[in-house]
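Trainee: I have a structure I would like to understand better, so I am pasting it below and will then ask my questions one at a time.
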Amino acid sequence: MKFSLESNKNNLLYFLTTDVAEVFIAYVQLSYYIANQTTIIFISYQLYIFLSAGLYIFEYAYLKSITSMITVC
């Protein structure tokens, strides 16, 4: 699959494909990536909520700062 930057009538970017299966595989890979990222975010959130309930205040503040640093970076 090649990405085309050539100008056309409506100035849209599009993919050049050579096979129908190539388009299908691109959609499958995209849906796998989105599902994977959603699952990682959900599990991380559930783990954070589970751990924060049993921590002392200073440990919770430390966990919160570590989580915010990981999110930003």
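Taken together, the values in this text are just the output of simple stated rules run on the coordinates, not laboratory data. Please read these numbers as outputs of a predicted model, since none were measured by experiment. Note that each Cβ is placed from the backbone with ideal geometry, even for glycine, and that neighbours are counted across all protein chains shown.
Trainee: Could you calculate the FRET efficiency of residue 19 with residue 39 from 1/(1 + (r/R0)^6), where r is the beta carbon distance between them and R0 is 22 Å, rounded to 0.05?
Mentor: Details: r = 30 Å, r/R0 = 1.35.
So the FRET efficiency works out to roughly 0.15.
Trainee: Through the Karplus equation 6.51 cos²θ - 1.76 cosθ + 1.60, θ set to phi - 60°, convert the phi angles of the stretch 56-73 into ³J(HN,Hα) values in whole Hz; use x for Gly and Pro.
Mentor: 6, 4, 5, 5, 5, 5, 5, 4, 5, 5, 5, 5, 5, 5, 5, 5, 5, 7
Trainee: Using 1/(1 + (r/R0)^6) with R0 = 22 angstrom and r between the beta carbons of residue 73 and residue 31, what's the FRET efficiency to the nearest 0.05? It would help to have the intermediate numbers written out before the result.
Mentor: Numbers: r = 27 Å, r/R0 = 1.22.
Between residue 73 and residue 31 the formula returns 0.25.
Trainee: Taking K and R as +1 and D and E as -1, what net charge do the other residues with C-beta under 14 Å from the C-beta of residue 48 add up to? Don't skip to the end; give the middle numbers.
Mentor: Values: positive: 64; negative: 59.
Neighbourhood net charge equals 0.
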